[in-house]
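Visitor: Structure below; questions to follow.
The values are calculated or read from the model by the stated rules, or taken from the named source; none is laboratory data. This is a predicted model, so every value here is computed, not measured. Cβ sites come from the backbone with ideal geometry, for glycine too, and all protein chains shown count toward neighbours.
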Amino acid sequence: MEKRKLGTSSLEVPVICLGGNVYGWTLSETDTFHQLDKALAEGLNFVDTADMYSNWIPGHKGGESETILGNWFKKSGKRKNVILATKVGLPMGEDKKGLKAGYIKQAVEDSLKRLQTDHIDLYQAHRDDEETPLEETLKAFDELVKAGKVRYIGASNYSGARLTEAMEISKKNNLAAFVSLQPHYNLVERQEFESDLLTAVEKYNIGVIPYFSLAAGFLSGKYKSKADAEGKARGGMVGKYLNDYGFGVVKALEEVAKETGSTPSRVALAWLIAQPGITSPIASATSDKQVEDLVEATKLKLDTAAIEKLTNVSTPPAPVRAEP
């Protein structure tokens, strides 16, 4: 399976990253173990999770995904075969959030314990914390890298300006620097990354691992109407795509899929893999078929005409301006 260097790090990762947000949510521990065994056998050894997954579920408090991963590491003995990424910063309870130094030090210990490992390959700030100085956050991350508890650090949900500022602070103070960025980017979510983040990514050679690569499943083509989304785990997330624009993108995906003997999911991921700056899109799976789609997407090479077709149909519509 094709691999790419993650930014300036020494990590070589497959061109698809397995999303761990479903572990303990829509995938049980037993089914997660099965998926991880299958994915690893297929060469998908890059897994992304977060400490707060899945605290949006009634009765959950966060840490469920990391705990299941840790249990699998213990049972399988395959920790050394996995490139492990997790995140810190989103709420885990009262006074357990943000990117202050003291909290980061405690949060990483909690994650290491749940994951049953002595190090995290990629530790990411889950969301920018504008109430905490960037230098404080970066110094805390730097200490974790020097202590060997974290190999590399990454950012998620940062603006281009804040990402640039963070990189300059790391350079000026000789601190560990972000090697990756995790933005919201896919065929129907292009504007923020392409207009604000891509310049900083290319300037600092930052690896990009976009989340919601399939737009919460919308780009798979399974949502044909609002009725299809009702009652589904991610139904509320896809509502904004259930319009002429979104359905137009899906129609183009289906056409390219037919031309290439593929599926809309594989085509959407292949388009993303082909975009400037992209290292490894994150995609979750809840079945063997979906894991197969992820594997096959890494083998699908779209021609120029297919890429242009998808790029053109997914270009965000210009806002309607009222006449003066």
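Visitor: Scanning for something under 19 Å from Leu84 (Cβ atoms) and assigned to a loop (DSSP other than H, G, I, E, B), does the stretch 121-144 turn up at least one residue? Before you say what the answer is, go through the steps one by one.
Guide: Looking only at the stretch 121-144, we keep the residues that are under 19 Å from Leu84 (Cβ atoms), and these are 121-126, 141, 144.
Restricting the remaining residues to those that are assigned to a loop (DSSP other than H, G, I, E, B) gives 126.
Yes, the stretch 121-144 contains a residue that is under 19 Å from Leu84 (Cβ atoms) and assigned to a loop (DSSP other than H, G, I, E, B).
To keep it simple, each residue is scored yes or no on (1) crowded, with 20+ Cβ neighbours inside 10 Å; (2) among the hydroxyl-bearing types (Ser, Thr, Tyr); (3) in contact with an Asp or Glu (Cβ under 9 Å, 6 or more places away or on another chain); (4) over 21 Å from Asn21 (Cα atoms).
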{"position": "Asn186", "(1), (2), (3), (4)": "yes, no, no, no"}
{"position": "Glu192", "(1), (2), (3), (4)": "no, no, no, yes"}
{"position": "Ser213", "(1), (2), (3), (4)": "yes, yes, no, no"}
{"position": "Phe218", "(1), (2), (3), (4)": "yes, no, no, no"}
{"position": "Gly248", "(1), (2), (3), (4)": "no, no, no, yes"}
{"position": "Val256", "(1), (2), (3), (4)": "yes, no, no, yes"}
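Visitor: Also, quick follow-up: Return the only residue of Thr132, Thr164, Thr117, Thr137 being under 30 Å from Ala268 (Cα atoms) and among the hydroxyl-bearing types (Ser, Thr, Tyr).
Guide: Thr164
Visitor: If you check Leu272 against the conditions, is it surrounded by 21 or more Cβ atoms within 10 Å (Cβ to Cβ), in contact with a helix residue (DSSP H, G or I) (Cβ under 6 Å, 6 or more places away or on another chain) and in contact (Cβ under 8 Å) with a residue 12 or more places away in the chain?
Guide: It is false that Leu272 is surrounded by 21 or more Cβ atoms within 10 Å (Cβ to Cβ), in contact with a helix residue (DSSP H, G or I) (Cβ under 6 Å, 6 or more places away or on another chain) and in contact (Cβ under 8 Å) with a residue 12 or more places away in the chain.
Visitor: Within the stretch 62-114, can you find the residues that are in a helix (DSSP H, G or I) and aliphatic (A, V, I, L, M)?
Guide: Ile68, Leu69, Ala101, Ile104, Ala107, Val108, Leu112, listed by residue number.
Visitor: Now a separate question. Where in the stretch 212-303 are there helices (runs of 4 or more DSSP H), lying wholly inside it, with at least 3 residues that are modelled with pLDDT of 95 or more and over 20 Å from the mean Cα position of the chain (by Cα)?
Guide: The helices (runs of 4 or more DSSP H) meeting that bar are 244-260.
For (1) of a type in the set (Asp, Glu); (2) more than 17 Å from Ser180 (Cα to Cα), each residue gets a yes or a no:
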site	(1), (2)
Asp51	yes, yes
Asn55	no, yes
Gly59	no, yes
Ser65	no, yes
Trp72	no, yes
Lys96	no, yes
Leu112	no, yes
Gln124	no, no
